[in-house]
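Comments concern the structure below.
The values are calculated or read from the model by the stated rules, or taken from the named source; none is laboratory data. Treat the numbers as computed from the prediction; the structure is a model and nothing was measured. Positions of Cβ are generated from backbone atoms using ideal geometry, with glycine treated the same way; all protein chains shown enter the neighbour counts. With ligands, DNA and RNA removed, areas are computed over all heavy atoms of the protein, side chains included. Shrake-Rupley method; radii C 1.70, N 1.55, O 1.52, S 1.80 Å.
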Amino acid sequence: MVKNGTYAISQIDEERTHWRLAMLALLLVAMLMTTAGNRPPPAATAALDTMSSWIVQGRSTGQVTELIASEAGVVTSELTIIRGAGAMLTDDAAERLRQIEGITLTPNHGVVGIQSVGEGVDPEEEAAEIHTTADYSELIGANQVWDEGVTGDGVTVAVLDTGVHPFRGIKKDTNKDDRILAWKDVIRENNLIRKHGEIPPGASMRIKDTNGHGTHIAGIIASSKKGEDDNNWMGVAPDANLLPVRVLNQKGKGTYESVILGIQYVVDNKDEYNVRVMNLSLVSEVQSPYWADPLNQAVTAAWSEDIVVVAAAGNIGPDPLTISVPGNNPYVITVGAFTDNFTPEDWSDDYITPFSSAGPTHDAFIKPDVVAPGAHMVSLMSKRTYLAKENPDNLSGRNLATFAGTSQATAVTSGIIALMLQEHPGLSADEVKFRVKQSALLWLDPDTEYPSYSVWQQGAGRVNAVDAVFGDIEGVANEGLNIAADLAGEEHYVGWSYYDEATGTFMINDIDNSGFGSWAGNYFAWNGAFGSWAGGFGSWAGAFGSWAGGFGSWAGGFGSWAGGSGPWAGGFGSWAGGFGSWAGGFGSWAGGFGSWAGGFGSWAGGFGSWAGNSDPFAGGFGSWAGSYDDPSFLAANVPDTRSKSASIGTITDVTD
């Protein structure tokens, strides 16, 4: 059963059993291949039920696979992008490997494609109204960009999801040319390897999407189908090329391993297919600092290759500290959702959807980066898919369905970036992020001209395709972050958010005395509540094209703020000359991950240590053994079965 983008916790035990059975053949093959030169394999006679799935990392993938074999474990994948491998190991074997210097083990956490059904608007109105037209392209000004001949032509967007159904609007661009450049089915390949020990010659690898989520997302990004009412293209970038990678199964579930394999494939083939954008409309629960998380490491590696990664904020808002993995990665563009309230031509009643996850991240970074349309989103979906059968009331028109979520908002933003990169093919990933944020329109109170939502709810504001593509904007995002040092394990970072216990608000560290910590209007101060904004509407600052005149041209008095202090023009990283560094004394969060669940008090007074260790980070990745790698910690932090994200972070079924 689908509920708020996750799946009933009661299904997990049954699905885990199926998954373990699917691993049996590969386990036996691996045992037979164990060489006589190895020491006696302690796991050789172990029952499969005693083994667990891990991501193992070290100096290199070669080193890691040898160590796994020495423990009679099963190498389930080679994850070269993170210097590691997927493995099945007994608890004893995992513990022995964990004791080796430079080796880290991470549970193979579950990942889901997030889908929120009818949230953010009146659910009854959502279900009763038949939608056959996508108005989100007009909401962001994409139709005005098309009028200038910019449709995403030549730019490839990789969509890591449940696959795609080969509808004409997906397969063909507006000129009826084929635009699916390649197809990678990680789920199918892994299942064949587990069954046969290899991919049999001639095995079927047809393009498919048995869930529906991936098709819905790809359609929002690039569908060349036209709406039945307005005759506009339904995709934001209808001439963009697509590289679909299936990393989630029929029920929309996958694992860290499957998603990392998908990212690795995209990075390996980025030059051949001109992959400039990677859409990640999927989430997992935060278990560690961003830099210690294997999925986030793969995402960071993709960004370092100049692939613009666009990630969903998550659908578990509106509370603070709800940004999911990989949206909590400071490098990527993280997207929340707003709704036009069924009035696309009237912006005055728009609001941020209550399900949209809010920041700051647990590493104190401001997220989301922007918000985009994410309610009553119409796109392609086969009626024979899992989501369609589970949600028949959401079907509308011929092969169309209406869903809501930050997944869809992420797809809108990926489409905008494809338009931008057609017009400016030489932009780096950091320059793209800067343009997306700089061109966004803040949500303001029309009476005070102060922002109505905090920076941790709306980020830089509402996406604006016209100015993102055509605006006179120059600069780079992620200033102060050394991505090479981050990936090498030499330095890691924290943002400038903190929780002021005295005032009960989230604030920005005013390290350079620029006034951010006390700036009026609730933009840089937030008490964590949502209701105070839910009832009142405001206005978006400026309009499409307002950046044509350069900086400082935003509406009314707000423009003078951007032009006066300069930090907006310089990017978020320039607030204090860069971000804080883990190595520079900030350390990690006080009390470990569990302390966040009890409230915001652990944020007070600055940054402490992650798990009571005064220096847990000396030496880089290999030496960190924080609480998420501690079995006793994991046992003490079982997901709340009442939570919307109850099934996230578990090992789930990865079969077809």
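Of all residues being surrounded by fewer than 24 Cβ atoms within 10 Å (Cβ to Cβ) and hydroxyl-bearing (Ser, Thr, Tyr) in the range 424-451, which is farthest from the chain's Cα centre (by Cα)? Just the residue, please.
448
For the condition in a loop (DSSP other than H, G, I, E, B), open to solvent by 20 Å² or more (accessible area, probe 1.4 Å) and more than 18 Å from residue 267 (Cα to Cα), what is the one hit in 176, 195?
Only one candidate qualifies: 176.
Restricting attention to the range 173-182, does a residue exist that is over 26 Å from the mean Cα position of the chain (by Cα), under 30 Å from residue 347 (Cβ atoms) and not aliphatic (A, V, I, L, M)?
Yes, there is a match, as at least one residue in the range 173-182 is over 26 Å from the mean Cα position of the chain (by Cα), under 30 Å from residue 347 (Cβ atoms) and not aliphatic (A, V, I, L, M).
Consider residue 210 carefully, then state whether it is closer than 22 Å to residue 411 by Cα, in contact with a Gly (Cβ under 8 Å, 6 or more places away or on another chain) and open to solvent by less than 40 Å² (accessible area, probe 1.4 Å). Please lay out each step first, then the result.
Numbers: closer than 22 Å to residue 411 by Cα: yes; in contact with a Gly (Cβ under 8 Å, 6 or more places away or on another chain): yes; open to solvent by less than 40 Å² (accessible area, probe 1.4 Å): no.
Answer is no for this residue.
Going by the conditions given, is residue 233 open to solvent by 20 Å² or more (accessible area, probe 1.4 Å), out of contact with any His (no Cβ under 9 Å at 6 or more places or on another chain), over 22 Å from residue 183 (Cβ atoms) and not β-branched (Val, Ile, Thr)?
So residue 233 passes the test.
Go through (1) at pLDDT below 95; (2) not in a loop (DSSP other than H, G, I, E, B) and name the single condition residue 245 misses.
Condition (1) is where residue 245 drops out.
Against the conditions (1) aliphatic (A, V, I, L, M); (2) in a helix (DSSP H, G or I); (3) buried (at least 24 other Cβ atoms within 10 Å of the Cβ), where does residue 277 fall short? Just the number, please.
All conditions pass for residue 277, except number (2).
Against the condition acidic (Asp, Glu) and in contact with a Leu (Cβ under 7 Å, 6 or more places away or on another chain), how does residue 173 come out, does it pass?
The answer is no for residue 173.
Please go through (1) open to solvent by 10 Å² or more (accessible area, probe 1.4 Å); (2) within 19 Å of residue 276 (Cβ to Cβ); (3) assigned to a helix (DSSP H, G or I) for residue 182 and return the number of the only condition it doesn't satisfy.
With (1) open to solvent by 10 Å² or more (accessible area, probe 1.4 Å); (2) within 19 Å of residue 276 (Cβ to Cβ); (3) assigned to a helix (DSSP H, G or I) applied to residue 182, the lone miss is (3).
Across the range 125-147, what is the total count of residues that are buried (at least 17 other Cβ atoms within 10 Å of the Cβ), among the acidic types (Asp, Glu) and modelled with pLDDT of 85 or more?
Selection size over the range 125-147: 2.
Would you pick out the residues in the range 210-225 that are in a loop (DSSP other than H, G, I, E, B), in contact with an Asp or Glu (Cβ under 8 Å, 6 or more places away or on another chain) and touching a residue at least 60 places away in the same chain (Cβ under 8 Å)?
Scanning the range 210-225 gives a single hit, 210.
Pick out the one residue from 365, 403 that is assigned to a loop (DSSP other than H, G, I, E, B) and either touching a strand residue (DSSP E or B) at 6+ places or on another chain (Cβ under 8 Å) or buried (at least 24 other Cβ atoms within 10 Å of the Cβ) (or both).
Answer to the check: 365.
Identify all residues within the range 31-50 that are loosely packed, with under 12 Cβ neighbours inside 10 Å and at pLDDT below 50; write none if there are none.
Once the filter is applied, which keeps residues that are loosely packed, with under 12 Cβ neighbours inside 10 Å and at pLDDT below 50, the range 31-50 yields 32, 33, 35, 36, 37, 39, 40, 44, 45.
Restricting to the range 297-332, name every residue that is in a strand (DSSP E or B) and either of a type in the set (Ser, Thr, Tyr) or under 16 Å from residue 406 (Cα atoms) (or both).
Scanning the range 297-332 gives 309, 310, 311, 312, 325.
Looking only at the range 240-262, count how many residues are crowded, with 24+ Cβ neighbours inside 10 Å and out of contact with any strand residue (DSSP E or B) (no Cβ under 7 Å at 6 or more places or on another chain).
2
Scan the range 340-362 for residues that are surrounded by fewer than 24 Cβ atoms within 10 Å (Cβ to Cβ) and not in a loop (DSSP other than H, G, I, E, B) and report the count.
4
Could you say whether any residue in the range 470-485 is modelled with pLDDT of 95 or more, surrounded by 21 or more Cβ atoms within 10 Å (Cβ to Cβ) and among the β-branched types (Val, Ile, Thr)?
Looking for residues that are modelled with pLDDT of 95 or more, surrounded by 21 or more Cβ atoms within 10 Å (Cβ to Cβ) and among the β-branched types (Val, Ile, Thr), one finds none in the range 470-485, hence no.
Quick one: residue 64 ticks every box in (1) among the aliphatic types (A, V, I, L, M); (2) open to solvent by 10 Å² or more (accessible area, probe 1.4 Å); (3) free of Cβ contacts under 8 Å to residues at least 40 places away in the same chain bar one, so which box is it?
Here residue 64 meets the rest and fails (2).
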